[in-house]
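To start, the structure under review is shown below, and the notes come after it.
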Amino acid sequence: MQVLRPADARSFLDLAGPLLLRDEARHNLILGIAGTTELHPELYPIYHAWVVLDGDEVVAAATMTPPHKLIVADPASDEAALALLDAVRASGVEVPGFVANLPTASTLADAWSESTGSVVELVRTEGVYALTQVLSVPVTSGAPRAVTPHDRTLLETWLSEFEAEAMPTETSDPEQRQRSIETRLSSEVAGFWIWEDDGVPVSLAGYSGPTTSGIRIGPVYTPADHRRRGYASNLVADLSRWLLEGGYGACFLFTDLANPTANKIYTDIGYERVCEAAEYAFRSG
C-alpha cells in the first residue's frame, strides 16, 4: 500500500473523495472540516492529512487540525486502517487521540495501544445523525435570529461554557475559539443563530462544515436557567429548515450518547441516526 500526504485540504478532498463520498453522512465531519479549511485556511493554521492507496483505490484516509484529534474515515479493510496508523505514527506528528465511526474506532484503539504502549481512553460515544425533512415541534415563545458582530461577547461566554460542559477533559483554546467566531461572523457557509424570548438571548446553535450536498449543525447550547422550555428544539428545527430551504440536501449533527435528552430532541425534529462514533484520547502508559 502507498501512503500520500496531501499538502492542503483541496488536494485531500480530490484524493480521498472516492472513499468519503461512498457515504457522505458517515463522513460528514471529515468532509466538512476539509471543506471549511479550504474556504477558510486561517481557521486551522496547521492541516495534516493522510491518504492510503491500494493500487489506484483509496482505502483509508485521515486528517488532523491541531490541537484537535485525528479524524479517521471508514477504511476499506482493517489492513488499510493499520497501514494508516503506521503512517501517522511514522510521520512524527503528535496525535492527542482520534475520532472514528464504530466499529473502526475500536479496532484503531486496540492497534494504537498495542503498538505504542499508550493508554487509549474512551472519551465519549456519539450518535451521528442526518436530516432531510424537518418535523413539527411544539412551538415555544420567542423567535430566532442570526448573530451579528454585536454578539461577540455573548458568543465567547456561551462557547466557553459549552466547551467546559460538553468537553470537560479538553484543554480550552481561546485563540481557536476567537478564530471560529470571526470566521463564522464573516462566512457564507457557517454561522450562528440565537433564539430570543422577549428580547433576551436564551439559546445558541451554529452551523458549519459544508460537504458536497450537506452541512453540519453545532454547537448547540442553552444556559442551564433557560433549559426545558423548548428553545433549543425550536432553534435547531428552524435553523435546519432554513438550511434545507437554502439548497442543502441534508443537515448533520453529532450528539453525546450519554445525553438522552439531547438525542430525543433531535429525533423529534426529524434527525435519524446514521451510525455511532467514538472519541479516544491517548495517555502515556
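Values for this structure:
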read-out: Output for the range 233-265, where each listed residue is modelled with pLDDT of 95 or more, in a helix (DSSP H, G or I) and in contact with a Ser or Thr (Cβ under 6 Å, 6 or more places away or on another chain); value: Asn234, Leu235
read-out: Pair list, Cβ < 7 Å and 6+ apart or interchain, from the range 22-35 residues that are outside the structural domain of Gly209 (by TED's automatic domain parsing) and in contact (Cβ under 8 Å) with a residue 12 or more places away in the chain to residues that are assigned to a loop (DSSP other than H, G, I, E, B) and hydrophobic (A, V, I, L, M, F, W, C); value: His27/Ala73; Ile30/Ala73
read-out: Hits in the range 211-232 (condition: touching a residue at least 24 places away in the same chain (Cβ under 8 Å), more than 14 Å from Glu196 (Cα to Cα) and not in a loop (DSSP other than H, G, I, E, B)); value: Gly214, Ile215, Arg216, Ile217, Gly218, Pro219, Val220
read-out: Search result, residues across the range 46-63 that are without any contact (Cβ under 8 Å) to a residue 40 or more places away in the chain and either over 21 Å from Cys275 (Cβ atoms) or among the β-branched types (Val, Ile, Thr) (or both); value: Ile46, Tyr47, Gly55, Asp56, Glu57
read-out: Where a residue in the range 125-146 is without any contact (Cβ under 8 Å) to a residue 24 or more places away in the chain and its partner, wherever it lies, is buried (at least 20 other Cβ atoms within 10 Å of the Cβ), with Cβ under 8 Å and at least six apart; value: none
read-out: Search result, residues across the range 188-210 that are assigned to a loop (DSSP other than H, G, I, E, B), among the small types (Gly, Ala, Ser) and in contact with a helix residue (DSSP H, G or I) (Cβ under 7 Å, 6 or more places away or on another chain); value: Ala190, Gly209
read-out: Inter-residue pairs, beta-carbon under 7 Å, first over 24 Å from Ala232 (Cα atoms) and among the polar types (S, T, N, Q) and in the range 266-285, second at pLDDT below 95 and not in a strand (DSSP E or B), 6+ apart; value: Ser284/Ser118
read-out: Residue satisfying condition, being surrounded by 18 or more Cβ atoms within 10 Å (Cβ to Cβ), over 22 Å from Met167 (Cβ atoms) and more than 16 Å from the chain's Cα centre (by Cα), within set Ala76, Ala7, Ala111, Ala87; value: Ala87
read-out: Residue selected from the range 179-194 under the condition without any contact (Cβ under 8 Å) to a residue 12 or more places away in the chain and over 12 Å from Ser208 (Cβ atoms), by the criterion surrounded by the fewest Cβ atoms within 10 Å (Cβ to Cβ); value: Ser186
read-out: All positions within the range 115-135 that are among the polar types (S, T, N, Q) and under 21 Å from Gly214 (Cα atoms); value: Thr132, Gln133
read-out: Out of Glu175, Glu114, Glu170, sole residue that is free of Cβ contacts under 8 Å to residues at least 12 places away in the same chain, within 30 Å of Gln2 (Cβ to Cβ) and out of contact with any Cys (no Cβ under 7 Å at 6 or more places or on another chain); value: Glu114
read-out: Segments classed as strands (runs of 3 or more DSSP E), wholly inside the range 1-119, with at least 1 members that are more than 29 Å from Tyr271 (Cβ to Cβ); value: 2-4, 48-54, 57-64
read-out: Whichever residue in the range 128-178 is assigned to a loop (DSSP other than H, G, I, E, B) and modelled with pLDDT under 90 and, among such residues, is surrounded by the most Cβ atoms within 10 Å (Cβ to Cβ); value: Glu170
read-out: Count of residues meeting criterion [among the small types (Gly, Ala, Ser), touching a Ser or Thr at 6+ places or on another chain (Cβ under 9 Å) and farther than 22 Å from Arg124 by Cβ] in the range 47-82; value: 2
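The values are calculated or read from the model by the stated rules, or taken from the named source; none is laboratory data. Fair warning: this is a prediction, and the values are worked out from it, not measured in the lab. Using ideal geometry, Cβ is built from the backbone for each residue, glycine included, and neighbour counts are taken over all protein chains shown.
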